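K.L.:
First the structure, then my questions, so here it is.
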Amino acid sequence: MDSAMAVLGRELARIVAGSGTPPEGWLGRWLDTEHPALGGAKPADFMNTFPRRLVVNQLLGAIASGAYM
């Protein structure tokens, strides 16, 4: 796993910790949902390159902190 994916995994675990939702289920739904911060694209569409995965990681960080992107 490259470092962007490892960071993404840690960010995801932090977001869903204590929610009672399995991270795999949450991630699958979230990756396939269009997001305004990605110009209406799905996060899954951004997983094909390292720089684009970093964009997804930043979005997860903003979600975790309550910041709007």
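The values are calculated or read from the model by the stated rules, or taken from the named source; none is laboratory data. If you're wondering where the values come from, they're calculated on a predicted model, not measured in any experiment. When we count neighbours, we look across all protein chains shown, and the Cβ atoms used for this are built from the backbone with ideal geometry, even at glycine. Keep in mind that these areas ignore ligands, DNA and RNA; they rest on the heavy atoms of the full protein, side chains included. Shrake-Rupley method; radii C 1.70, N 1.55, O 1.52, S 1.80 Å.
K.L.:
Filter the stretch 35-46 down to the residues that are closer than 17 Å to GLY61 by Cα and in a loop (DSSP other than H, G, I, E, B) and list them by number.
P.N.:
Here is the first cut: in the stretch 35-46, the ones closer than 17 Å to GLY61 by Cα are 35-38, 42-44, 46.
Result: HIS35, LYS42.
K.L.:
Answer yes if at least one residue in the stretch 11-21 is among the small types (Gly, Ala, Ser), part of a helix (DSSP H, G or I), open to solvent by less than 80 Å² (accessible area, probe 1.4 Å) and at pLDDT below 90, and no otherwise.
P.N.:
Applying the first criterion (among the small types (Gly, Ala, Ser)) to the stretch 11-21 yields 13, 17-20.
Pick out the ones that are also part of a helix (DSSP H, G or I) and you get 13.
The next check asks that each one be open to solvent by less than 80 Å² (accessible area, probe 1.4 Å); those that pass are 13.
Applying the additional criterion that residues be at pLDDT below 90 yields 13.
Yes, some residue in the stretch 11-21 is among the small types (Gly, Ala, Ser), part of a helix (DSSP H, G or I), open to solvent by less than 80 Å² (accessible area, probe 1.4 Å) and at pLDDT below 90.
K.L.:
Within the stretch 30-55, restricting attention to residues that are at pLDDT below 90 and either aromatic (Phe, Trp, Tyr) or in contact with a Phe, Trp or Tyr (Cβ under 7 Å, 6 or more places away or on another chain) (or both), which residue is most open to solvent (accessible area, probe 1.4 Å)?
P.N.:
PHE50
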